[in-house]
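Structure first, commentary second.
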Amino acid sequence: MFIEERHQAILDLLNEKGRISNSEIQEKFEISYDSAKRDLRILEEKGLLKRTHGGAIPAKQIGGNICRNLTSEERVKDVKENYLAIAKKAVSMIEENDVVYITNASVGYLMAQNMGDINCTVVTNSVSIAEKLRTNKSVTVILTGGEMNENGCFYDSFTLSVIKRLRFDKCFITSAAVSASFGLSIQKSRSVELTNTVINNSKCVAGLYPVEKIGFDSVISICGADKLDVLITDSEASEEDLSLFEEIGIDIKIANI
């Protein structure tokens, strides 16, 4: 098999499975581990995939993604194992009597599902997350309110006026993508001001980013990556990507899958 044919076969497998490891390439094509790594490096340089720790994932086409107007609970039905691991790692950061803000994204809903009996106050702009925590007797819930969006969340001026009155020990946020150069980024502008207000009112800012979101840039910059104090990701994130965040003083926490 010519190298070009092998590269196409690797891309076909990646498209089919959603990810591929160096060892899988080595075994399937009967090549050395170093050759498998070299193949992935060449394909990444062509913009055809993104390398991870020990393998690769598809190149993310941010501009072509369709933003679905689903609630936090509805998004969880499609969530992968690494999202759950990141959510549990985030929950482990919450201490007794903390006041925390939890993102309305699916990883935030997974945090709510795994809160346990921590005595704390949770602020959220998500109806789904508030409802999930409603019966947890250890958690005091503050729902920001405002004009509700189609995804069951609040982003308007009323929401911002509430957030500006609050101070958080920790906030747990995410976005469509994050890179050391472009920072936190997103496809739609509706949550930019809200996210920045939450960040500015938090003692500790924790970004929840699975490997699929790291090293990519979306359309609109929310803020620089240096606004993060902590980056929680999974064990497949590449050391090369993570070292760039460490260079700007961000504490990396790995959630093992």
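Any read-out appearing in this document is the output of simple, stated calculations on the displayed coordinates, not a laboratory observation. Just so we're clear, the structure is a prediction, and the values are computed from it rather than from any experiment. Glycine gets a Cβ as well: all are built from the backbone with ideal geometry, and neighbour counts include every protein chain shown.
Just a few scattered comments:
- Amide H contacts under 5 Å for A59, placed H, 5+ residues apart: L49, K50
- Hits among lysines - C-alpha to C-alpha of K170 under 21 Å, sequence gap 8 or more where chains match: K88, K89, K132, K137, K203, K227, K253
- Peptides 140-146, 103-109, ordered by how many other C-beta atoms sit within 10 Å of their residues on average, highest first, read 103-109, 140-146.
- Estimated vicinal HN-Hα couplings, Hz - the range 135-151 in sequence order (Karplus 6.51, -1.76, 1.60; Gly, Pro = x): 8, 7, 5, 7, 10, 8, 10, 10, 9, 4, x, x, 7, 6, 7, 5, 9
- Here the Karplus curve 6.51 cos²θ - 1.76 cosθ + 1.60, taken at θ = phi - 60°, turns the phi angles of the range 202-207 into couplings of 10, 6, 9, 10, 10, x Hz, with x standing for Gly and Pro.
- Gap separating the Cα centres of the range 227-251 and the range 82-133, nearest whole Å: 21 Å
- Karplus-based coupling profile of the range 229-236, in residue order and whole Hz: 8, 9, 10, 9, 9, 9, 6, 8, with θ = phi - 60° in 6.51 cos²θ - 1.76 cosθ + 1.60 and x standing for Gly or Pro.
- Here's how it looks for V123: its modeled amide H is under 5 Å from those of V100, Y101, I102, I142, which are all 5 or more places away or on a different chain.
- Of the labelled figures [x] 7, 30, 34, 18, 9, 3, 0; [y] 6, 29, 35, 23, 6, 1; [z] 7, 33, 40, 18, 2, 0, only one reflects P(r) over Cα pairs in 10 Å bins from 0, in percent as derived from the coordinates, namely [x].
- Computed from Cα atoms, the angle from the helix 33-45 axis to the main principal axis of the chain rounds to 60 degrees.
- Percentage relative contact order, the chain, counting C-alpha pairs under 8 Å, at least six apart: 16 percent
- Computed [θ] at 222 nm, helices only, for the chain once each DSSP H run of length n ≥ 4 contributes -39500 (n - 2.57): -10000 deg cm²/dmol
- Packing-based order for 3-9, 35-41, 220-226, 51-57, using average beta carbon neighbours within 10 Å, highest first: 51-57, 35-41, 220-226, 3-9
- Other-chain or far-sequence residues with amide H under 5 Å of G183's (modelled H): A225
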